[in-house]
Amino acid sequence: MNSQSITHNTRRTAADSLLRLSWGIFKVGALAFGGHAALVVMVEQYLVSQKKLLSSEEVLNGMSLATLLPGPLAVNVVCYLGYRLHGWLGALAFFVAITAPPTLLMIAIAVWYYQSAGHFGSQGSGRFVLLAVAAVVLSTGTALYQKQIGKDATGLMLCILAFATTLLYRGFAGSVALIVLGAAIGYVTYRKNVEPATPMPRTAPRSAIHICVIILLTVVLVGYLLGGYRLIPNGPWQVLSVFSGMSLTLFGGGMVIIPYMQSILVDELHWLPVKEYVDAIAFGQITPGPILVSVTFIGYKIAGVFGALLATLAIFIPSASLMIVLAQYINYQHTGIKAVFKGIRPVVIGMILAAGVQLVLAMPHFSWDAVLFGIAGLAAISFGRFHPIYLILLGFIMDFIF
């Protein structure tokens with residue numbers, strides 16, 4: 001057998017292997033209810049325990065880096081692992097595999113929702129599902145506070161400041177200013193207290209592709225921060241501009257998108273009313289995969305199926321690309337970097353808690369039954385390990401009945 005045939009067979013074997021792995025990741029994406037933690041655990045079990053292609057340390061390295069960067073942790077980690085196994089083609093294949101199930105399901109939900117004129121829940125106001133989502137957000141924020149801040153006085157101060165500022169000022173500029181302030185205070189306060197660990201090894205040399213990716217992402221980020229999306233006519237390309245910029249500014253996980261979407265999509269651009277916004281978040285909670293798939297629903301509202309696909313690509317690809325490139329060069333365990341993000345976390349937690357309160361305040365009219373439902377749901381999630389999916393589904397049922 002000549003060398004050309006050997007090369008051809010090697011490439012074919014690699015392609016077959018990537019196809020089989022992607023099918024396995026697709027099945028994980030279809031069953032990964034329970035948020036990013038459940039998704040990452042299932043992917044780790046598949047690639048490490050079952051396929052034995054990676055080590056647990058490599059998965060943990062990816063998770064550690066993902067917590068320091070913007071965007072959805074689970075999707076970023078999956079794309080990073082695909083890159084480790086098969087380069088950029090592997091990252092793309094894993095991205096499609098992990099996002100396809102929730103995206104297709106969300107498009108189907110959006111088609112049904114708008115064909116029924118958004119009147120799901122009979123003629124109700126949606127107050128039960130709104131308070132169900134609020135309970136999920138407040139429970140998440142409270143759990144993060146206990147885990148990340150605890151008795152840290154500086155963290156408490158930053159959390160309170162972010163909470164109050166987000167409630168009083170919903171503009172995106174305020175959120176950016178809070179994150180910058182948290183980073184600065186974190187660097188000054190925590191730099192000498194964090195413990196450095198073994199840095200992640202660089203796995204690839206600098207390349208023209210990496211440089212081009214960084215330049216493109218920089219252009220997207222700067223254009224977004226300067227409000228360039230306001231200059232684009234309402235339609236699919238504005239969807240692409242808004243969500244690609246959001247992808248690079250969403251620190252702290254999917255819950256942070258709630259105040260971002262409300263300030264930009266609802267209050268500023270008026271793409272959808274509060275009720276549809278809450279429904280989008282709720283559908284993101286009851287579908288598998290990350291909550292950020294809610295943008296698929298919103299993209300469909302603006303520009304149909306094409307808009308839904310653009311929104312999905314825009315919210316996931318920029319941050320995943322950034323992680324893949326930076327993973328080659330950044331010492332993510334550097335004491336200064338760890339201190340910066342330790343200061344950012346309380347800000348993010350304060351914003352999440354404020355988002356939960358904003359949802360409560362958005363209730364169309366006060367009713368004791370809805371308030372008691374929300375309080376009971378918050379207690380059930382926080383202390384009774386009641387799954388958020390069931391609470392939101394129950395909220396939809398209550399809206400349908402009442």
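The values are calculated or read from the model by the stated rules, or taken from the named source; none is laboratory data. What you see is a predicted model; the values in this text were computed from it and never measured. Heads up, the Cβs are rebuilt from the backbone with ideal geometry, glycines too, and the neighbour counts pull from every protein chain shown. Ligands, DNA and RNA are excluded from the accessible area calculation, which covers all protein heavy atoms including side chains. Shrake-Rupley method; radii C 1.70, N 1.55, O 1.52, S 1.80 Å.
In table form, for the structure just shown:
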read-out: Failed item, numbered, when Leu313 is tested on (1) of a type in the set (A, V, I, L, M, F, W, C); (2) open to solvent by less than 10 Å² (accessible area, probe 1.4 Å); (3) out of contact with any Cys (no Cβ under 8 Å at 6 or more places or on another chain); value: (2)
read-out: Test for Ser49: is it farther than 20 Å from Ile291 by Cα, part of a helix (DSSP H, G or I), polar (S, T, N, Q) and modelled with pLDDT of 85 or more; value: no
read-out: Given (1) modelled with pLDDT under 85; (2) in a helix (DSSP H, G or I); (3) farther than 28 Å from Thr166 by Cα; (4) not aromatic (Phe, Trp, Tyr), index of the condition Ile330 fails; value: (2)
read-out: Qualifying residue in the stretch 148-164 (condition: at pLDDT below 85, open to solvent by 40 Å² or more (accessible area, probe 1.4 Å) and part of a helix (DSSP H, G or I)); value: yes
read-out: Boolean, Leu226 is open to solvent by 10 Å² or more (accessible area, probe 1.4 Å) and touching a helix residue (DSSP H, G or I) at 6+ places or on another chain (Cβ under 9 Å); value: no
read-out: Evaluation of Gly141 against (1) over 23 Å from Gly284 (Cβ atoms); (2) at pLDDT below 85 (one fails), failing number; value: (1)
read-out: Flag for Leu92 being closer than 28 Å to Ile258 by Cα and open to solvent by 20 Å² or more (accessible area, probe 1.4 Å); value: yes
read-out: Unique residue being among the aliphatic types (A, V, I, L, M), modelled with pLDDT of 85 or more and open to solvent by less than 50 Å² (accessible area, probe 1.4 Å) when the list is Ala110, Ala134; value: Ala110
read-out: Count of the stretch 229-239 residues which are under 17 Å from Leu272 (Cβ atoms) and either among the β-branched types (Val, Ile, Thr) or surrounded by 15 or more Cβ atoms within 10 Å (Cβ to Cβ) (or both); value: 4
read-out: Whichever residue in the stretch 11-45 is within 19 Å of Ile281 (Cα to Cα), in a helix (DSSP H, G or I) and open to solvent by less than 20 Å² (accessible area, probe 1.4 Å) and, among such residues, is modelled with the highest pLDDT; value: Gly29
read-out: Test set (1) out of contact with any Gly (no Cβ under 7 Å at 6 or more places or on another chain); (2) open to solvent by 50 Å² or more (accessible area, probe 1.4 Å) - Leu269 fails condition number; value: (2)
read-out: Selection status of Gln238, modelled with pLDDT under 90 and closer than 28 Å to Leu359 by Cβ; value: no
read-out: Residues satisfying the stated conditions in the stretch 375-398, i.e. assigned to a helix (DSSP H, G or I) and more than 16 Å from Ile281 (Cα to Cα); value: Ile375, Ala376, Gly377, Leu378, Ala379, Ala380, Ile381, Ser382, Phe383, Ile397, Met398
read-out: Selection within the stretch 368-402 - open to solvent by 50 Å² or more (accessible area, probe 1.4 Å), farther than 13 Å from Leu131 by Cβ and either hydroxyl-bearing (Ser, Thr, Tyr) or modelled with pLDDT under 85 (or both); value: Ser382, Gly384, Arg385, Phe386, His387, Tyr390, Leu393, Ile397, Phe400, Ile401
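Quick grid of which residues meet (1) closer than 19 Å to Phe243 by Cα; (2) open to solvent by less than 10 Å² (accessible area, probe 1.4 Å); (3) not in a loop (DSSP other than H, G, I, E, B):
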residue: Thr296; (1), (2), (3): yes, yes, yes
residue: Tyr300; (1), (2), (3): yes, no, yes
residue: Gly336; (1), (2), (3): no, yes, yes
residue: Gly350; (1), (2), (3): no, yes, yes
